[in-house]
Amino acid sequence: MLEVSDLHAGYGNVRVLFGLNIKVNRGEVHCLCGRNGAGKSTTLKAIMGLVPIQSGSVELDGEKISSLPAYRIPARGIGLIPQGRRLFSELSVEENLQIGLMSGQHDAVDQHERVLNLFPRLRERLSQAAGTLSGGEQQMLAVARALCLNPKVLLLDEPTEGLQPSMVELIRAAIIRLKNEGVAILLVEQRIDAVMSVADHVSFVEHGQTSTTLAANEFENRREMFSRYLGV
């Protein structure tokens, strides 16, 4: 569903990615792990067209999208939940969701209902300003807003960061449900337990390259080694 090939990208004259390769299949969770500064978040931003790609390609369901401007990529079927959520804090929950529904590539009423069924707590807070939600509720809203696009691929950048265990479990359950519905998910995550509870494959990013890719069971067998490597 998503294939990143020999990707070189960066900020101005500073290159961050040096030939990175990733494949994510339909209905699969593929986790990116690595130390801070390895290039994980830059990978997600490059896929979305938010960081200039110097060479290499990004393909979505066989269609090359790496040459498209950033504003056209979400409508092709990729949703991004960035680190830090990036909500419109002064707008209501409903207004944030309506922004996500603006792509017009689906039945907006059905999709609106779908995300509220996935996160019932948001239904109770539709008129509440996004900035007044708890951290966990804000993360739910960030995920729900991206799902309003009805994406084929979902990119999540450390969605459990700073959340209490009960909220981590709600986000984990949502990821598994989306995976079972056939969504391809590329997840940046530092928490080893969070990775193991949802991952089908794990890739380690080091110096802007994917140094190792493992199936989830192989990752479990080397769990202690990778925990030391990540410093977690």
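The values are calculated or read from the model by the stated rules, or taken from the named source; none is laboratory data. Keep in mind that this is a model prediction, so the values were computed, not measured. Cβ placement follows ideal geometry from the backbone for every residue including glycine, while neighbour counts extend to all protein chains displayed. Surface areas here come from the heavy atoms of the whole protein model, side chains and all, with no ligands, DNA or RNA. Shrake-Rupley method; radii C 1.70, N 1.55, O 1.52, S 1.80 Å.
Phi-derived couplings, Karplus 6.51 cos²θ - 1.76 cosθ + 1.60 at θ = phi - 60°, listed residue by residue for region 12-29: x, 8, 9, 8, 10, 9, 10, x, 6, 10, 8, 10, 10, 8, 4, x, 10, 9 Hz, with x used for Gly and Pro. Highest-first packing order for the peptide set 173-186, 195-208 is 195-208, 173-186, based on the mean count of other beta carbon atoms within 10 Å.
Note on Lys179: lysines with a C-alpha under 19 Å away, same-chain residues under 8 apart excluded, are Lys23, Lys152. Here region 144-200 is treated as a Stokes sphere of Kirkwood radius computed over C-alpha pairs; at 37 °C and 0.692 mPa s its diffusion coefficient rounds to 281 µm²/s. Around the amide H of Gly49, modelled in the peptide plane, lies no amide H under 5 Å away from a residue 5 or more places distant or on another chain. Evaluate E = 1/(1 + (r/R0)^6) for Ser92 and Asp200, where r is the Cβ-Cβ distance and R0 equals 35 Å; express this FRET efficiency to the nearest 0.05. The value I calculate is 0.45.
Where the accessible area of the chain is counted over protein heavy atoms with a 1.4 Å probe, how much of it, in %, is carbon and sulfur?
On the way: 4950 of 10570 Å².
That fraction is 47 percent.
With q set to 0.28 Å⁻¹, the log10 of I(q)/I(0) for region 92-149, from the Debye formula over equal scatterers at the Cα positions, is -1.18. Going by a ≥ b ≥ c, the root eigenvalues of the Cα gyration tensor, does region 68-190 fall in the rounded group (a/c under 1.5), the prolate group (a/b larger than b/c) or the oblate group? The shape class here is rounded.
Stretching Arg72 away from Arg121 to a fully extended chain increases their span by 14.6 nm, per 0.36 nm per residue minus the current alpha-carbon distance.
Rounded to 0.05, the FRET efficiency of the Asp110 and Gln164 pair, given R0 = 30 Å and the Cβ-Cβ distance, is 0.40. Here the label points at Arg172 and Lys64, each 7 Å from Cα along the C-beta direction, are separated by 4.1 nm in the simple model. A value for mean projected area of the Cα convex hull in nm² was derived from the coordinates, and within the list [x] 14.2; [y] 21.2; [z] 11.9 it appears as [z]. Once the C-beta distance of Asn180 and Thr213 is scaled by a Förster radius of 22 Å, the resulting FRET efficiency is 0.45 to the nearest 0.05.
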